[in-house]
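K.L.:
Have a look at the structure that comes next, please.
Readers should treat all values here as calculations from the given coordinates under stated rules, not as data from a laboratory. Just so you know, these numbers come straight off a predicted model, no measurement behind them. Cβ placement follows ideal geometry from the backbone for every residue including glycine, while neighbour counts extend to all protein chains displayed.
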Amino acid sequence: MRNAKSTSKLPNVGTTIFTEMSAMAQAHGALNMSQGFPDFQPPKPLQAAVVAAMAKGRNQYAPMAGDIRLREWIAADAERRSGACFHPDTEVTIGAGASSLIFATIQALIHPGDEVMVLTPCYDLYEPAVELAGGRLVCVPLQADTHRLDLEAMKASWTESIRMVVINVPNNPTGSTWSREDLHGLAELVEGTNALVLSDEVYGPMHHDGRDVLSVTHEPRLRERAVVFASFGKILHCTGWKIGYATAPAALTGEIRKVHQYDVFSTGAPFQAGIEAFLNSDAGATHLSELAPFYQSKRDRLIEGLKGSRWQVSPAEGGYFQLLGYGAFDERDDRTATADWCSRAEGLALIPLSPFYPEGENDSKLVRICFAKNNDTIDQGIQRLLKISNG
């Protein structure tokens, strides 16, 4: 009898670097500041709201598009922030984290032979999703010094086959944001083309140092071609709940839901109900207003602790990741260096930057650290970083 054989559709894809480094941290007892999740609890009123929803019987399937009251909050929030109007019935969809909806969107809207422009370094979900849809990635590096959009490079790489531009702001892993001039330039680039804009905005309001919290929908010319993604897991400190959402014009939403209904269908009914109750309360409004300064204080604590060391630091503009340069004291590639640092006594797990480059070209001597941690964890991380830089 012959064994059944299957040809891989993703022959170059293995375990993600996030899973790899977290497993390595566990194996060596290292402090894990690699994967992007908080080590503190969601707000207590939010937890209570979810428990209350369970007690009230909100435990069966949520609607495929999501809890309507939560979709209404999403639509109102989008209009309040950027003036963009989305109908909760036909233009807002809730899924199992933003990642599931990003994947569904690419499968729904990209056809074989289409090209998708991504700006590197970028989150590692985009490449395999495009490959599975039969598309081809066009990689354009962000500006080397600021990690912001390089509009001239984007123009130089443009082809008639590009059907989507993937944007991630605040950017993971660099922590860069964008300006109104960037939005204007992006609108100029895609105007008159058939290209859509996929805007991954899961770190949403986490903009530091008083920067404007900008969405792609702040640019009116982009609204009719943009799909915007956000994450309640990120902004409510509950990544394990996997609740995210997408907003898009009705025609695009209809196509996305064709995939979503067979991929995830619906997710976490009591979580959706609890999130809605919390966000519509005074406690929820206060939480959102304090989110950016909360994370900025953690970023500043990390940076202050490394002041005077050999680590090279340019403060993250948004999100809860910070890039650290190690070229002043270690010449090894980032994967070798991070593996070594993780396996040492009093080790520390960080994320190398090279997996964020689908084109495979990176020798930046940069690593990513997550500062969405308790202050005690950040302080321990600082001490271990100082030991690493001192040899």
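K.L.:
Give me the distance in nm between label points sitting 7 Å out from Cα along the Cα-to-Cβ direction at Lys155 and Leu10, one decimal.
P.N.:
Computed distance between label sites Lys155 and Leu10 equals 3.6 nm.
K.L.:
Mean-square fluctuation check for the chain, GNM, Cα pairs under 10 Å: which of Gln60, Gln272, Gln107 is largest?
P.N.:
Of Gln60, Gln272, Gln107, the most mobile in the Gaussian network model is Gln60.
K.L.:
Another question, then. Only bridges with both residues in the chain count here: give the DSSP antiparallel percent, nearest 5.
P.N.:
Around 45 percent of the beta bridges assigned by DSSP in the chain are antiparallel ones.
K.L.:
Mind telling me which of Ala55, Ala283, Ala65 comes out most flexible in a GNM of the chain, alpha-carbon contacts under 10 Å?
P.N.:
Highest fluctuation of the listed residues: Ala55.
K.L.:
GNM on the chain, C-alpha springs below 10 Å: top fluctuator among Gly36, Gly113, Gly233?
P.N.:
Top of the fluctuation ranking is Gly113.
K.L.:
Which value, in nm² and rounded to one decimal, describes the direction-averaged projected area of the C-alpha convex hull of segment 220-320?
P.N.:
Over all viewing directions, segment 220-320 projects a mean Cα-hull area of 9.7 nm².
K.L.:
What percent do you get for the relative contact order of the chain when only Cα pairs under 8 Å and 6+ apart count?
P.N.:
Computed value for the chain: 26 percent relative contact order.
K.L.:
Let me ask another. Kirkwood Rh, segment 91-163, all Cα pairs: how many Å?
P.N.:
Here the Kirkwood hydrodynamic radius works out to 13.3 Å.
K.L.:
Shifting gears a bit: With n ≥ 4 as the cut-off for DSSP H runs, can you work out [θ] at 222 nm for the chain, using -39500 (n - 2.57) per run divided by the number of residues, rounded to the nearest 500?
P.N.:
Computed mean residue ellipticity for the chain: -12500 deg cm²/dmol.
K.L.:
Plugging the Kirkwood radius over Cα pairs into Stokes-Einstein for the chain, at a temperature of 37 °C and a viscosity of 0.692 mPa s, what D comes out in µm²/s?
P.N.:
Roughly 151 µm²/s, to the nearest whole number.
K.L.:
A further question on this structure: Quick one: Cα centre-to-centre distance for segment 107-122 and segment 22-50, in angstrom?
P.N.:
Value for the Cα centre distance between the two parts: 31 Å.
K.L.:
Shifting gears a bit: To the nearest whole percent, what portion of all C-alpha pairs in segment 335-387 is separated by more than 15 angstrom?
P.N.:
52
K.L.:
Just round it to a whole percent: the fraction of Cα-Cα distances in segment 1-145 exceeding 19 Å.
P.N.:
73
K.L.:
Follow-up. Keeping to pairs on different chains or 8 or more places apart, tell me how many lysine pairs in the chain have Cα atoms under 17 Å apart.
P.N.:
7
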